[in-house]
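What follows is a set of notes on a single structure, which appears directly below.
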Amino acid sequence: MKSVRRRGAARPVAAALAAGLLAMGAIATAGPAAAEDAPQNTQSMQNTPQNAGGASATLGKLTVSDWVTVESPQKGPVRAGLFTMDVDKGGSLQTYCIDINTGTVEGAHYKEAGWRESSLQGNADAGRIRWILQNSYPQVNDLTALAQKAGVGSLDDRQAAAGTQVAIWRYSDHAKVKAVSPAAQKLADYLYDHAENQDEPGASLSLTPPAVSGRPGRRLGPVTVHTKADSVTLTPGPEAASRGVRVTDKNGKPVKTTADGGQLFFQVPAGAADGAASITASATTKVPVGRVLTGDGIRTQTMVLAGSSDGSVTANATVTWAKQGPAPAVSAKRDCARGGVEITVDNRGDRPFGYRIAGRKHTVAAGRSETTLVKVGEDQNYKIGVTGPGGLDRTFTGVLDCRTGIAAPAPTGEALVTQAGRGGTGSTGGSGTDGRPLAQTGGGSTAPLIAGVGGALIAAGGAVVFLLRRKRTAAGK
């Protein structure tokens with residue numbers, strides 16, 4: 001009889017575990033939904049990847065480092081110092097870490113981001129981190145002069161890198177960490193004590209807004225270029241050429257290159273059928289010191305830029321047009337301060353536009369814009385679909401990595417916060433204890449998987465306990 005009872009109990013246990021594992025996947029994803037209404041026209045929104053602009057790079061190895069000891073938030077020795085990154089299409093970066101508890105994933109792809117899109121959001125000491133980067137190695141490569149400022153006899157590159165990383169971690173993670181080398185520790189103390197607040201650096205290259213819309217036969221825009229490069233090359237997408245769309249300045253003159261502050265317009269032929277087109281801006285420049293790089297679709301340690309060669313940077317913008325009715329432009333941006341992804345729909349048409357975000361209905365009035373916050377769990381992969389009439393079908397994906405330390409659980413339900421933009425202007429968003437190091441300078445890279453599975457199993461475990469209690473109660477009767 002006991003064996004029979006065990007098999008009977010195993011069935012609900014297995015079911016609960018399966019349900020828990022399925023729930024784990026569902027929590028992390030907000031999928032696209034079908035359009036609410038039948039298409040009103042033949043407009044096709046291309047699924048062009050949303051590129052906020054800047055450098056894209058692949059993480060290499062920890063190249064210049066020395067030992068440090070972490071006392072909290074985790075304990076043990078780690079190697080700390082400079083990483084190298086290879087920029088897509090040419091160039092290299094040097095970076096330090098700003099999330100001591102998260103392990104690096106060698107070979108992970110990264111994208112340049114602003115402080116508001118990273119764990120530096122809300123950190124009152126972010127500007128001091130930039131000061132440290134500007135006033136220490138490798139920006140200051142005269143190690144004799146740096147040693148004199150720090151009050152030590154001498155510094156080599158490993159001590160300089162480790163001391164700089166220790167000072168950064170004290171501000172980025174508020175960690176208790178100490179360099180093993182006395183010289184590196186004195187440098188860390190000097191940098192920490194003398195750091196001053198600095199302004200956030202601008203992007204190496206960005207286009208704002210990243211999406212515009214309107215009527216064919218007009219110049220649609222403007223899209224403004226922001227960059228540190230001397231010159232920016234403009235390359236229309238293949239759909240622009242096939243539809244006769246030209247990129248011009250405010251006077252209608254075609255442009256192929258521009259510079260910082262340049263305003264771009266899309267000249268759409270008057271007879272063009274409803275549609276969409278894109279443009280890629282590219283340049284060669286250095287990435288400003290203090291810019292952040294976050295994992296591209298993968299949870300990996302966030303990096304902060306310490307040095308850069310001249311490298312390739314890009315940014316994209318899209319245009320959509322319709323002869324009549326609504327004319328929507330869709331863009332997305334991570335907002336770490338609010339814990340989610342902002343989806344902005346700007347309607348430059350003459351009728352309201354009904355659409356769905358992750359299956360939920362929204363409507364933006366003619367001549368207005370609407371920004372919706374889609375809540376996303378910390379360190380969770382997200383997939384947010386935006387669908388609507390006229391063939392609108394966009395999907396925005398990524399990982400929300402906004403905090404240092406242990407990942408927060410995903411939200412139990414998808415909270416949406418809507419803000420109506422002003423009419424006529426829009427509101428688009430401008431170490432182990434055995435002496436061996438942990439995964440480079442943080443926890444192991446399998447932590448997100450373990451945390452996700454653990455969360456699902458905890459939820460499933462609760463269901464198991466409930467089912468077993470019910471079975472025992474029934475047996476007692």
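The values are calculated or read from the model by the stated rules, or taken from the named source; none is laboratory data. All values derive from a computational prediction rather than experimental measurement. Ideal geometry is used to build each Cβ from the backbone, glycine not excepted, and the neighbour counts take in all protein chains shown.
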Residue within the range 56-78 that is of a type outside the set (Ser, Thr, Tyr), under 20 Å from the mean Cα position of the chain (by Cα) and farther than 28 Å from Thr224 by Cβ present: yes
Just checking: which of the strands (runs of 3 or more DSSP E) contained wholly in the range 227-297 hold 2 or more residues that are β-branched (Val, Ile, Thr) and surrounded by 20 or more Cβ atoms within 10 Å (Cβ to Cβ)? 275-285, 292-295
Quick check on my filter: what residues within the range 89-127 are in contact with a helix residue (DSSP H, G or I) (Cβ under 6 Å, 6 or more places away or on another chain) and either surrounded by 22 or more Cβ atoms within 10 Å (Cβ to Cβ) or within 19 Å of Asp310 (Cα to Cα) (or both)? Tyr96, Ile98, Ile100, Trp115, Leu120, Ala126
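Quick grid of which residues meet (1) acidic (Asp, Glu); (2) out of contact with any Phe, Trp or Tyr (no Cβ under 7 Å at 6 or more places or on another chain); (3) closer than 23 Å to Gly244 by Cβ; (4) not assigned by TED's automatic domain parsing to the domain that holds Ala126:
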| residue | (1), (2), (3), (4) |
| --- | --- |
| Val289 | no, yes, no, yes |
| Leu293 | no, no, no, yes |
| Ile298 | no, yes, no, yes |
| Ala306 | no, no, no, yes |
| Ala315 | no, yes, no, yes |
| Thr318 | no, yes, yes, yes |
| Pro328 | no, no, yes, yes |
Hey, which of the helices (runs of 4 or more DSSP H) in the range 103-193, taking only ones fully inside, have at least 3 residues that are closer than 24 Å to Trp67 by Cβ, under 30 Å from the mean Cα position of the chain (by Cα) and of a type in the set (Asp, Glu)? none
Can you spot a residue in the range 57-67 that is surrounded by fewer than 20 Cβ atoms within 10 Å (Cβ to Cβ) and charged (D, E, K, R)? yes
For the range 386-395, give me each residue that is part of a strand (DSSP E or B) and surrounded by fewer than 20 Cβ atoms within 10 Å (Cβ to Cβ). Asp393, Thr395
Matching residues, the range 240-264, being of a type in the set (A, V, I, L, M, F, W, C), more than 21 Å from Val313 (Cα to Cα) and in contact with a Lys or Arg (Cβ under 9 Å, 6 or more places away or on another chain): Ala240
Which ones in the range 144-194 are farther than 21 Å from Gly76 by Cβ and of a type in the set (A, V, I, L, M, F, W, C)? Ala145, Leu146, Ala147, Ala150, Val152, Leu155, Ala160, Ala183, Leu187, Leu191
Filtering the range 166-225 for residues that are small (Gly, Ala, Ser) and closer than 28 Å to Ala315 by Cβ leaves a count of 10
